């Protein structure tokens with residue numbers, strides 16, 4: 001597995017671009033990603049009962065055949081809670097891109113992120129699409145990654161390359177996150193492309209598992225926004241042999257996909273609103289995978305833990321408390337906690353650790369908190385950031 | 001139902017006091033409440049898997065007979081994650097109070113709140129109990145309410161008086177809360193006393209229901225600290241007829257108890273860490289009581305909603321989003337939302353409301369957000385506060 005430069009156009013046969021169409025004051029706010037040929041497509045979506053129009057339309061389009069030619073994404077406006085007009089607007093976005101590509105509107109997926117409840121200014125979107133389409137290129141991926149940002153402070157791209165049956169294949173992607181990530185995630189979007197050829201239901205299965213290990217470990221199950229979406233397109237342009245079953249080729253593909261989604265997820269956590277530190281919660285010794293993930297997410301979602309990390313305060317009681325209310329079942333008297341390499345809790349009670357050393361560990365930009373439940377061999381990781389004054393500042397006046 | 005002054009000693013036959021024993025730098029940190037005669041006792045406790053020593057001991061003592069003479073409470077130290085020494089220390093606290101009262105240690109309940117993982121300095125606690133006991137009095141309730149505070153900015157007391165079968169009876173109590181309340185509650189404690197005589201299992205049932213309607217509506221189920229505890233003592237000293245079944249007397253008692261617990265819960269929400277505004281979430285039109293409570297709590301626990309209230313930003317999308325991921329099932333296209341009297345959402349989409357008027361409503365100290373699910377007749381209320389810079393400041397360095 002080799003990391004390569006680029007993102008959503010790193011794989012062969014994909015083009016992208018981003019433009020400013022007028023949803024934001026001056027920054028890029030509209031992106032399109034296309035595959036030169038029809039691609040197998042799969043998606044995972046928010047579990048929120050309130051679903052934005054683009055979520056509904058993209059699900060509909062994927063259900064029709066599982067192939068797609070393009071994704072069109074706007075930022076700054078979620079097209080959520082916009083009633084029947086919102087549905088028409090999402091369809092019109094797909095239709096406009098389809099017209100340029102000379103394909104059916106159902107082969108275009110739609111995604112939006114931004115403020116809820118404001119109708120899309122469709123004249124700007126339509127003019128933007130017209131301006132954008134002629135500029136699609138392999139070099140356009142970074143502009144696309146920029147155009148999907150909301151309160152993100154940097155674009156998020158990642159790509160890898162590896163050999164499959166003697167052919168070089170690639171997986172790349174872009175994401176936007178921000179919001180506090182936990183516990184009430186602002187919209188998380190990710191768009192992944194690959195030039196592998198793979199059977200549609202396997203693609204869906206691989207994406208679901210990859211999302212569970214990555215994007216779902218920076219959020220809390222169920223606490224998803226109205227617009228969350230992860231989409232993958234596989235267009236077969238590398239001309240490697242098709243992945244048709246769960247054999248070694250599929251496993252290799254999953255490993256590569258997991259690397260891309262995990263790295264994108266970490267970039268999202270690093271760019272949490274107002275974040276000054278990146279935190280990895282590593283839960284070990286869990287009786288099963290579900291317990292490991294539940295405890296890791298619960299700790300990663302605790303405001304009190306996140307504020308303590310900001311304050312560089314080795315308040316391990318908050319870590320135990322969050323593990324305790326997670327819902328997972330374990331013996332609190334067997335739990336150990338490490339800040340970096342420093343053991344601060346053993347058998348459920350504090351060790352006589354060096355407070356200055358602990359504060360030193362917490363003063364770095366990247367912190368690993370390891371929790372060993374002492375109850376098995378399963379492990380999971382979750383990623384988060386600290387809770388800072390700036391988080392409150394950003395969210396007190398997001399619409400303004 | 002008449003509100004009267006006082007708190008935990010408003011009912012006949014109760015005394016209380018608070019002293020400084022040296023857990024805090026200078027403020028009161030140790031309280032005792034006693035009943036002059038053995039009282040029926042009941043409690044509701046944290047559901048956290050990690051339970052502090054005083055929780056374990058108080059449960060044990062209540063299980064032995066359901067009567068109690070006293071409660072001893074310290075602040076500034078949770079006696080949680082303190083191993084077997086913590087258990088011995090909690091027992092010693094009960095034992096010391098029992099000696100002064102000449103009763104069995106099992107008739108004394110124990111409660112602690114504060115930092116997790118630090119052994120109790122028992123010499124100070126013991127000296128504090130010796131200093132405290134001779135000063136117990138009806139007038140001592142406000143000192144007791146002060147002594148149980150941690151980051152609370154004011155003591156919380158409430159009491160009512162009413163007639164039961166021709167006799168005047170009273171229910172009063174004190175509480176401490178703070179922490180952000182949501183979503184990772186710092187310790188919430190409440191101690192309630194009444195001079196009614198009531199059968200033990202009815203007392204337990206009434207307390208459970210009252211806690212569900214009040215304290216559990218300022219927190220999120222399961223997200224409870226290691227030390228949360230609500231205890232009630234009923235000593236019969238008003239000499240009114242005993243409540244033996246679920247008849248009109250019981251209903252009257254429940255109404256009075258609900259008023260006391262609800263008012264104490266609201267005081268806790270008003271005093272949330274760093275809070276500048278008090279927010280009531282009123283969910284109406286729910287298909288059942290559980291859905292009403294789930295939606296109300298989900299909105300009240302949303303960092304994004306709380307930050308928007310702080311910023312006086314009428315971002316109703318966040319309210320719908322939090323309702324949507326709550327787990328309750330409803331039709332998002334039937335939901336209405338009101339800020340004060342101003343309808344901002346109808347049938348799931350925004351109305352053309354006056355933004356200036358909305359901002360005006362959000363600028364007041366007390367805000368009611370009403371959400372009508374349009375799906376039934378059940379309703380529930382939850383209470384919270386806004387998310388401010390000061391919340392982060394307080395929690396970044398709680399231990400320091």
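Every read-out reported here was derived from the displayed coordinates using simple, explicitly stated rules and does not represent laboratory data. Since the structure is predicted, the reported quantities are computational estimates derived from the model, not experimental observations. Heads up, the Cβs are rebuilt from the backbone with ideal geometry, glycines too, and the neighbour counts pull from every protein chain shown.
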Any idea what log10 I(q)/I(0) is at q = 0.11 Å⁻¹ for the protein assembly as shown, Debye with uniform C-alpha scatterers and no solvent?
-1.15
Can you sort B:197, A:241, B:293, B:318 from fewest to most other Cβ atoms within 10 Å of each residue's own Cβ?
A:241, B:197, B:293, B:318
What's the exposure ranking of A:191, B:338, B:353, B:310, going from fewest to most Cβ atoms within 10 Å?
B:353, B:338, B:310, A:191
Based on the Kirkwood radius over alpha-carbon pairs, what is the Stokes-Einstein translational diffusion coefficient of region A:65-212 at 20 °C with 1.002 mPa s viscosity, in µm²/s?
127
Three-way shape label, region B:329-386, alpha-carbon gyration tensor, a/c 1.5:
oblate
at residue A:351 the sorted inter-copy label distances (label 7 Å from Cα on Cβ side), in nanometres, are 6.0
For residue A:56 and residue A:199 in the same chain, what is the full-extension length gain: residue separation times 0.36 nm, less their Cα-Cα distance, in nm?
49.1 nm
Which FRET efficiency value, to the nearest 0.05, do you get for residue B:365 and residue A:346 by plugging their Cβ-Cβ distance into 1/(1 + (r/R0)^6) with R0 = 51 Å?
0.65
Take residue B:212 and residue A:104, extend 7 Å from each Cα along the Cα→Cβ direction, and tell me the distance between the two endpoints in nm.
5.2
With a cut-off of 19 Å, note down the residues of region B:46-82 whose backbone N falls inside the zone around a label point 7 Å from the Cα of residue B:242 toward its beta carbon.
B:64-69
Could you tell me the relative contact order of chain A? Use alpha-carbon pairs under 8 Å, at least six residues apart, and round to a whole percent.
18
Which FRET efficiency value, to the nearest 0.05, is calculated for residue A:290 and residue B:163 with the Förster distance at 60 angstrom and r the Cβ-Cβ distance?
0.65
Give me the number: length gained by fully extending residue A:64 to residue A:2, i.e. 0.36 nm times residue separation minus the C-alpha to C-alpha distance, one decimal in nm.
18.8 nm
Output, in nm with one decimal and in ascending order, the distances from the residue A:288 label point to the matching label points of the other copies (7 Å from Cα along Cα-to-Cβ).
2.5
A student applying the Cα gyration tensor rule (rounded when a/c is under 1.5; otherwise prolate if a/b is larger than b/c, oblate if not) would label region A:74-154 oblate
Applying the gyration tensor rule to the Cα atoms of region B:278-396 (axes a ≥ b ≥ c; rounded if a/c under 1.5, else prolate if a/b exceeds b/c, else oblate), the class is oblate
In Å, the Kirkwood hydrodynamic radius from C-alpha pairs for region A:1-132 sits at 15.0
Rounded tilt (10° steps) of A:122-132 against the dominant C-alpha axis of chain A:
80
In what sequence do A:342, A:373, B:387 fall when counting other Cβ within 10 Å, fewest first?
A:342, A:373, B:387
Rg and Dmax of region B:2-270, Cα atoms only, in Å
16.7, 51
Residue B:47 label points, 7 Å along Cα→Cβ, one per copy: pairwise distances from this copy to the rest in nm, shortest first?
1.7
Determine the shielding of peptide A:346-353 by partner chains: average, over its residues, the number of Cβ atoms on other chains within 10 angstrom of each Cβ.
3
